[in-house]
Structures are given as structure tokens and as C-alpha cells.
Amino acid sequence: MKKKKRQQLIVSIIALFAAIAFIVISLIPTFIAAKAATQAELQTKLQESQQKKEKAQQQQKDIQYKKDIAVSEIKQLDSEIDTIENEIDEVNNQIYESEAAIDQKNTEIEQQKENIASYKEDFISRARVMYKRGPTSYIDVLLGASDFSDLLDRAQMIKKVTEYDQRVLKEMADAQAAIEAAKAVIEEEKANQELTKQIKENTEAELESKRSEKEAAIDQLNSDAEKAKALEDEADAEMEQFRNELASMSSSGAASSSSTSTSVASYGSMQWPAVASKTITSPYGNRFHPIQKVNRFHSGIDIGAPYGTGIVAAESGTVIKAAWNGGYGKCIVIDHGGGIYTLYGHCSSINVSVGQSVSRGQTIGLIGSTGNSTGPHLHFEVLINGSTTNPLSYVG
């Protein structure tokens, strides 16, 4: 009886383990699917954050372009303002000279008036004496002649005195009129100079106003650039978070949807990606950025190569990106499995498509200079679980 009960207990335990095993086996596909779904979601979020970063970088590029234009326009306005100020100084000098000339003419007019008044006083005095003595005064002069010849001389003298008085008075009057006419010309020139000065000052004010507007625009662009940079930093933080999550998943064996062996991680096992050259023009790590003119981390290596020469897959895998990628220009990313990815930037053309399986050494694109580039080259990256690493540790 006891033996029968023991056998029944054993059968029950076996049945229980069998049931548990069945449940576990049944749940394994669910766990795998959940992990795959999580990894796909992370990849999608990573790409969305990358797109967000690219958009922020493009915004910064557009802002910098507008800022460069505004700075150039300010320099042009400064040059125009300097020219106007020099012209205003020249007009001021002309006005000063005109004022001095007008003062000189006023002095000459006053002197001529004094001369006319003085001579006129002498003439009036003589006329007054002649009037008091009556019309016989000229006759007396003539009758006092000693002979006919003297008479003629005296008559001629009287005529000359009269003509001289008239001529001198006329010359003085003409001289005064000429001086006043010259003064009028100078005053007209001065009025024109004052008008020219006012026009130039108005022009200068307009230029200064435009310059102030450009400076305000630059301030706004600087503010916009700071916001765009904040968005880029935010995208970088998101990408770092997603990469860390991918790395965490990698430790549990679920970081990549590809079944390719992780043996590519061994030193020198990948194929060199540029067919025509092994010249490294910029190494991995911190460097002075040739375009942005600041010290920045360089996430890969730049391989200088002739435009249009071949780019090959460093290892077999699946293409997960084959499109324009912000500063990378035309870009290809290949998933090699085990959380290992390679990136190929600045291509002139792309010969593969997303989802396509590629073989080691297969031509995937051509060398170019698209995106943020100073010349034809390949930007090559190796990423492990979303984090960059020195590619020279993986290519032969």
C-alpha cells in the first residue's frame, strides 16, 4: 500500500515538473518576442533621436549661415557708415570754408561801404560849398584864367573833376554790388552744402538703424542657436540612454536581431572598408574640427580616398540605414550581430538598401564628400552596443 502511494507521489511530481517545463517552454517564445520587440523599439527610438539630433544640427547650420550673412551685412554697413561720415566731415569743412569766405565778403562790403561813404562825404562837402557860393563859382574859376589857354585848361580841369567824382562813385557802387553778388553765390553754395550734409546725416541714421536691426537679428540667431544646441544635447542624452539599454540587453544576449557570429569583434578581423586607400586623414578621438573650428570628439576615422572609388562592407550583416544622415551626408549602417555595427559616411552614392543582407567585401557605396565634409573621404565608425570605439582595433 505504501509502495503504491509512493509511486503515485512520484508520478504526481513528474507530472508537475512536466507541466512547469511545458509552461516555461511555452513562455520562451513570448520572452524572446518581448526582447525582440524591446530591441526593435530601442532601435526605433535611437533612430528617432538621431533624426532629432540631425534636425537640430541642420538648424544650427542654417542659423550659422544666416548669422554669417548678417555679420557680412554689418561689415558692409560699417563700411558705408565710415564712407558717409568721411563725406559729412568733408561737407563740414566746405561749410566752414564757405562761412569764412562769407565773413570775408561781409568785411569787404563794410569796407567798401565806408569808402563810398567817405568819398561821398567829400563830394557832398564840395557840392555844398559850391552851392553856398552859387553858380558863379565855376565862372569865377574860368574868369580867373590868365589867357585863353589857361581858360581851356581850367574848363578841362573842372570837367575832369566832375567826371572823376562820378566815375569813382560808380566804381565803388559796382565793387559793392560785385562783392554782394559773390557773397550771394557763397551763401547759396553754403545752403546747398547744408542740404547735402542733412541728406548724408539722414542716410547715416538709416544705416545705423539697419545696423541695429542686424545686431538684434544676430542676438536672436544666437538665442536660436543655443536652443538648437540644447536640442542636440538632449538628443545626445537620449541616444546615450538608448545605447546603454542596448548594451544592457547585449549582456543578456538580445541586443541584435542579426544571427551573425560575434567573432568580428576580435582584433583585425574586419576588412578595410576603402578599396583605393589606407591613408587616415583624421584619427579616432578628440580633434580640432575642420569645419566647426572647435575641439570635438571624432567618433570614427577618416580615410582619404579618390572621389568615386569603392566602399566595401567590413563584415557580413544587414543594412539598417542607407540614406542621408545629417552631417554624415549619404550614410550606410550595417548590423553585424552581437551588438556590433559599422557606419560609412560622406558617400557619393549608396549601392544598398535597408534590410538587405551584405557579404564581407561587397561594394556598398562610393567615396564622396556629402554632408559636413572638406573633401572626398570615408568616415568609418565601429559601434559596440551603440557606443563608438576605435575602428583600428577591428579592421585589418
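Okay, here's what the table says:
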quantity	calculated
Number of positions in segment 308-358 that are in contact (Cβ under 8 Å) with a residue 40 or more places away in the chain and either of a type in the set (V, I, T) or outside the structural domain of S387 (by TED's automatic domain parsing) (or both)	9
Among the residues listed as Q112, Q104, the single one being closer than 14 Å to Q176 by Cα and buried (at least 17 other Cβ atoms within 10 Å of the Cβ)	Q112
Tally of residues being more than 36 Å from the chain's Cα centre (by Cα) and of a type outside the set (G, A, S) across segment 321-350	5
Filtered residue count, segment 315-324, keeping only those that are under 20 Å from S373 (Cβ atoms) and crowded, with 22+ Cβ neighbours inside 10 Å	1
Segments classed as strands (runs of 3 or more DSSP E), wholly inside segment 290-391, with at least 2 members that are polar (S, T, N, Q), within 22 Å of Q51 (Cα to Cα) and touching a strand residue (DSSP E or B) at 6+ places or on another chain (Cβ under 7 Å)	387-389
Number of the condition not met by F297 [criteria: (1) loosely packed, with under 11 Cβ neighbours inside 10 Å; (2) closer than 30 Å to V71 by Cβ; (3) over 21 Å from the mean Cα position of the chain (by Cα); (4) modelled with pLDDT under 60]	(4)
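The values are calculated or read from the model by the stated rules, or taken from the named source; none is laboratory data. Since the model is a prediction, treat every value here as computed from it, not as a measurement. Counting neighbours? That spans all protein chains shown, and the Cβs are built from the backbone with ideal geometry, glycine included.
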